[in-house]
Each structure stands twice: as C-alpha cells, then as structure tokens.
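Written out below as structure tokens is the structure these notes cover.
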Amino acid sequence: MSVTTVNSWNDFDPLKHIIIGRADHCCIPGWEPAIEAKIEKNSDMWGMWGPRPLETVEKANEELDYFTNVLESRGVRVDRPTPFQWNQSAHTPDFSTETLFGCMPPRDVLLTVGSEILSAAMMMRCRFWEYLAYHNLMQQYFDEDPNFRWEQAPRPRLTDNSYQLDYFDGITKEDLAQKAKECDFVTTEHEPLFDAADVLRLGKDLFCQHGLTTNRRAMQWLQRHFPNHRIHSVNFPTDPTPIHIDATFVPLRPGLIINNPERALPQEQRKIFSENDWEIIDAAWPAHDRPPPLCYSSVWLSMNVLVLDHKTVCVEATEVNQMEQLDSLGYEVIPIPFRNAYSFGGGLHCATADVHREGTCEDFFPNQVPGTQIQPI
Ligand code: DAV
C-alpha cells in the first residue's frame, strides 16, 4: 500500500483524505472582464480591491483550522495548500491583473475524477495562477502514489474574446434574468472555460452546470478527456448568475439530491434522475437573509455541505434549517462555524477538494435518456 491514494468518484462515499484551503493574503480582485458577476455594483466590495482586512483573514483561518481539526479527529487526512502573497500583479502575454485571488476555495480549481486531479481552465484572470498553490501537494501525491494522474486542462488565454465586454453595461435585473434563461452569459464560447466546482461527480456520469463559469466548449473538452464518462449539461434558468453547482444541486447519498428551491432543475432535465430512481428534494431555506460582509456568494452557502459518508455530514453551525433537514433525513450532523470563511469564496464544500474517498466508479444512471448528454464532436 502506498502512503497516498488518489481516488474519488463522488461527493458522498466515505472520506479518507481531503485538501482544505487557507485564507492567508487573500485579495479582493480589481476590475477585470466579468467581475460584475462576482461583485455586484451595489455590493460592499465594489470598487474596493487589494488585501482583505487582516482581522477577517485571521477569523477565517481560525475556522478553516477548526474544520481541519474536526476532520482529523475523525480519521480523515487533511492537507493544506501553500499560499502565495496574492497581493501582487501578474501578467501573461495576453493580459495583466492587479492582484491575484487566494487559495481558500480549492474546489473551484481541482477536479478529482478517480485517480486523476485535473486543474481547471478558470475564467477569472486573477485566478489564473491559483493552481500553483497546490503544486507541492500534487508533486507529493505524484511521488507517493504510482497511479496518480496529475493533469491540467488547456490553460485558457483569457483575452477579451473570452468575454462579452459590454454584457453588464446598463443591464437591469430583468435583462440579466432573461439572458440567464437563454444561457447567454458574460463568458463566450471562444475557448474551453470551466471551474471545477461546476462539475457534479456521480461515478460514471459528470453533470456540469452551464453558466458563466463553465461553457459548452469545456464540456466538449471534458467529454474527450474522460472518454469513459458521460458528460451532461444542466442549467438552472432562474439563477441570474450561475457560478458553481454546489449551492444549487447537491447530492447527499446514492439516490438523493437536494436542489435549491430558488433554482429548480427544469422538468426535461430531471428525467435522467427519475428514470434511475434518484429523488430530488428542495433544500431547506437558509437561516440568514444576507451573506456576511465582503462575501462573493449568496445565502445558499447553507446547502454547501461536506458529506463525510452516507450517514455523516458537516453543516455550517448557524444554518439551523439545513441542519434540521439533514437530521430528519437520518444524518449525524457535525456543526462547523464557517460564516467568516464564507466571505473568502464559499462554504464547507467549496473550501475543500477531494483526494480520497472509498468506493469505485459506479454506474448510477444505467437508463440514459436523451436531453442532457454532451455529444462528442
Ligand atoms: O449561490 O452564490 C456559491 C458557490 C460557491 N462555490 C452562490 C454560489
């Protein structure tokens, strides 16, 4: 047995090894194309860029460390990335950014599929170099696990061609909602772009959220890259700025998914689930009516839970409604204080990336139905 095994096919089989992010030196990004999708013009972060206030970094790190300790006390191996000084400008031949972002939400960057960890082709310029914070860990896994596949999606160029630069000009809430319904997003189809957190892994089937962080071209790339998997495109038309699937559509165990009631999966896309006896239920309502200060995400981080096995789940400690729902579904619920960490890019699922869960690549959807699957081109 090697010291390290990279192997994870879904988000619910018994967890053995995981990466938890760090808040050190995290920055609020300056203007770049599409930033309005993450930082709305009326948000407390608009126009404010550079290092986040030190006391908020310290509080977030305390919560991330506590989360680490809880998982370790349950026998899970936890690794942490190596933060950079994110408050520095960066350049490629195609673009420059004033600051980088951070390495709090590893889930956005690292996609684990079986024995492979793939760093994603992310659409934000300030996140272009973020994968380097995980380089030491990847090198270590490569040295320790002879089966580990250390992979990288094509590095995007992120020129102005990758964005509709006038997308947010004078846009109203209604326009934005309409555009989202039509899958007209601020990012274009110029090159494959995806965040790993848009990919829901269910064994042989990978369900990708089509939104502003993941385009169709990326799904075609993923279909060619994973020829033994079926890549599906799903979208949630009532979400005006679809960023990551893990506060929208969250699997709890084989056969059960919670769906954000404000972002329902359309009927025609539900078929593949119902035809294979998967139940989709509404997630509980968030306990808060607004996110914490300087936060990119919505109140729906309430459902961004980390499942440890089919009977155990970590939930943010103040999300009483979500805890109650999971309790009534038969889970042992472990409360984890995480509101301060939310601001840095997400909840308990975002803040982690799988390295090893027990289990194999199961075929949960033997009855394929037309509608969602990406056709190879
Ligand atoms: O609802 O703001 C957050 C997902 C972060 N990974 C939301 C999506």
>> For segment 238-311 and segment 323-377, what is the centre-to-centre distance using only Cα atoms, to the nearest Å?
In response: 9 Å
> What is the antiparallel percent of DSSP beta bridges lying wholly in the chain, to the nearest 5?
Replying inline: 55 percent
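Within the set of other residues whose C-beta is less than 12 Å from the C-beta of A341, count the net charge using Lys and Arg as +1 and Asp and Glu as -1.
On the way: positive: R22, R52, K59, R339; negative: E58, E62, E63, D65, E316.
Computed value for this residue: -1.
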> Where the centre of each part is set by its Cα atoms, how far does segment 42-95 sit from segment 102-145, in angstrom?
Replying inline: 15 Å
> Among the lysines, which have Cα under 25 Å from the Cα of K59 when same-chain residues fewer than 8 positions away are ignored?
Replying inline: K38
> Is any residue of segment 249-289 close enough, with backbone N under 18 Å, to a label point placed 7 angstrom from the Cα of V369 along the Cα-Cβ axis, and if so, which?
Replying inline: 255-259, 264-282
> Could you give the length gained on full extension between S43 and V70, defined as 0.36 nm per residue of separation minus the Cα-Cα distance, in nm?
Replying inline: 6.4 nm
> Using +1 on the beta carbon of Lys and Arg, -1 on that of Asp and Glu, and nothing else charged, what's the dipole of the chain about the Cα centre, debye to 20?
Replying inline: 480 debye
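Show that you can apply the helix-only estimate: for the chain, add -39,500 (n - 2.57) for every DSSP H stretch of four or more residues, divide by all residues, and state [θ] at 222 nm to the nearest 500.
Values: 8 runs with 74 residues, N = 377.
Here the helix-only value at 222 nm equals -5500 deg cm²/dmol.
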>> In whole Å, what are the extents of segment 15-357 along the principal axes defined by its C-alpha atoms, from largest to smallest?
In response: 49, 43, 43
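Does segment 315-368 come out rounded, prolate or oblate, given a ≥ b ≥ c as the square roots of the eigenvalues of its C-alpha gyration tensor, rounded meaning a/c under 1.5 and, failing that, prolate meaning a/b above b/c?
Working: a/c = 2.39, a/b = 1.48, b/c = 1.61.
Judged from the Cα gyration tensor, segment 315-368 comes out oblate (a/c at least 1.5, b/c at or above a/b).
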> What residues of segment 140-163 lie in the reach of a label at R224, counting those whose backbone N is under 17 Å from a point 7 Å from the Cα along Cα→Cβ?
Replying inline: 152-157
> Which residue, chosen from S274, N7, P29, occupies the Cα position most advanced towards the positive end of the dipole of the chain, where the dipole is computed from +1 (Lys, Arg) and -1 (Asp, Glu) charges on Cβ about the Cα centre?
Replying inline: N7
> Cross-link list K179/K271; K181/K271; K181/K204; K41/K204; K16/K271: which exceed 31 angstrom alpha carbon to alpha carbon?
Replying inline: K41/K204; K16/K271
> By how many nm would the segment from H135 to D277 lengthen if fully extended, with 0.36 nm per residue of separation less the alpha-carbon distance?
Replying inline: 47.1 nm
>> Given axes a ≥ b ≥ c from the Cα gyration tensor, I'd like to know whether segment 283-377 is rounded (a/c under 1.5), prolate (a/b larger than b/c) or oblate.
In response: prolate
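When ligands, DNA and RNA are left out and all protein chains stay put, how many square angstrom of accessible area per residue does the chain have with a 1.4 Å probe?
Numbers: 15090 Å² over 377 residues.
Averaged over the residues of the chain, the accessible area is 40 Å².
Carbon and sulfur: what percent of segment 1-48's accessible surface (1.4 Å probe)?
On the way: 990 of 1880 Å².
Whole-percent figure for carbon plus sulfur exposure: 53.
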>> If you scale each eigenvalue of the Cα gyration tensor by 5 and take the root, what three semi-axes come out for segment 176-251, rounded to whole angstrom and sorted largest first?
In response: 20, 15, 9
> Counting only DSSP beta bridges with both residues in segment 157-264, what percent are antiparallel, rounded to the nearest 5?
Replying inline: 65 percent
> Taking the DSSP beta bridges in segment 75-198 as the whole, what percent of them are antiparallel, to the nearest 5?
Replying inline: 65 percent
> Which far-off residues, 5 or more places away or on another chain, put their amide H under 5 Å from the one on Q88, with H placed in the peptide plane?
Replying inline: L100
> Farthest toward the dipole's positive end in segment 15-357, which of V109, S343, M138, given Cβ charges of +1 (Lys, Arg) and -1 (Asp, Glu) about the Cα centre?
Replying inline: M138
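The values are calculated or read from the model by the stated rules, or taken from the named source; none is laboratory data. These numbers come from a predicted model, not from an experiment. All Cβ positions, even for glycine, are placed from backbone atoms using ideal geometry, and neighbour counts span all protein chains on display. In case anyone asks, the SASA skips ligands and DNA or RNA and just uses the protein heavy atoms, side chains included. Shrake-Rupley method; radii C 1.70, N 1.55, O 1.52, S 1.80 Å.
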